[in-house]
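Everything on this sheet refers to the single structure shown next.
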Amino acid sequence: MKINIVMVEPEIPQNTGNIARTCAAIGAKLHLVKPLGFDISDKYLKRAGLDYWDKLEIEEHDSLEKFLEKYKPEEHHMYYATTKGQHCYSDVDYSKMDEVFLLFGKETKGLPEDLLQKYIENTIRIPMREHLRSLNLSNSVAIVVYEVLRQVDFNELEQISKYFK
C-alpha cells in the first residue's frame, strides 16, 4: 500500500519535521500544501526531521486547489482528519486500498470547512475527551497512519528487532 500524508498549510515547523520523520520511517510520501507557516529550510523543521530528509519523498503544492486538481478525491481514497469527523479513524477499512491519502489541516484551524462538508462521508476523527480542542498535529498523524499500517500487517516494515534474535 502507498500512503500519502497531506499537510494542508502547516504552521509549526517542529510538527512538520516530526511528521516528515514519521513518513521517512514508514515510507510514506509527504505532501506539503502551501502556504506554509515557515520556510522549508527552517532550522526547526530540519532539526525535528534530523537526518531523514534524504530518505523522504516530498511533493509541494502551491495551493489546496492545485493539489485537488492533481489528485482528484473522486479518483483516490482520501480521508480528512478533523475533530468533527463522521467516523472514528480506526473504523475505516484501509486494508483493501492500494493507495490512501490522509489529509490534515493547519494547527490553528484544521481543514477548510467547505472541503469537510463536501467530503463529509470521508471525514475521520480520533476520539478524545469533550471540551478539549485537539491533539498535537504530529501525534495525530502518527496515530492515524499507524492504524492504516496495522491493518495491512505493517506493510513490510521491520517488526522484530534484529538485536534480540
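Throughout, read-outs are computed from the coordinates displayed, never taken from laboratory work. These numbers were taken from a predicted model, which means no experiment stands behind them. Cβ sites come from the backbone with ideal geometry, for glycine too, and all protein chains shown count toward neighbours.
Look at the alpha carbon pairs under 8 Å that are at least 6 residues apart: their mean separation over the length of the chain gives a relative contact order of 27 percent.
Counted over segment 2-152 with a bin width of 5 Å, the fraction of Cα pairs per bin, in whole percents, is 2, 9, 20, 24, 22, 14, 7, 1, 0. When DSSP beta bridges are restricted to pairs lying wholly in segment 1-129, around 5% turn out antiparallel.
Restriction of the trypsin sites (Lys or Arg not before Pro) in segment 56-118 to DSSP coil positions whose beta-carbon has at most 10 other beta-carbons within 10 angstrom yields 96. Residues in segment 107-119 carry Karplus couplings, in order, of 4, 8, 10, x, 7, x, 4, 5, 5, 4, 5, 5, 10 Hz; the curve used is 6.51 cos²θ - 1.76 cosθ + 1.60 with θ = phi - 60°, and Gly or Pro positions show x. Remark on residue 99: its backbone amide H falls under 5 Å from those of 2, a criterion applied only to residues 5 or more positions apart or on other chains, H modelled at 1.01 Å from N.
What is the fewest-to-most order of 121, 147 by other Cβ atoms lying within 10 Å of their Cβ?
Neighbour counts put them in this order, fewest first: 121, 147.
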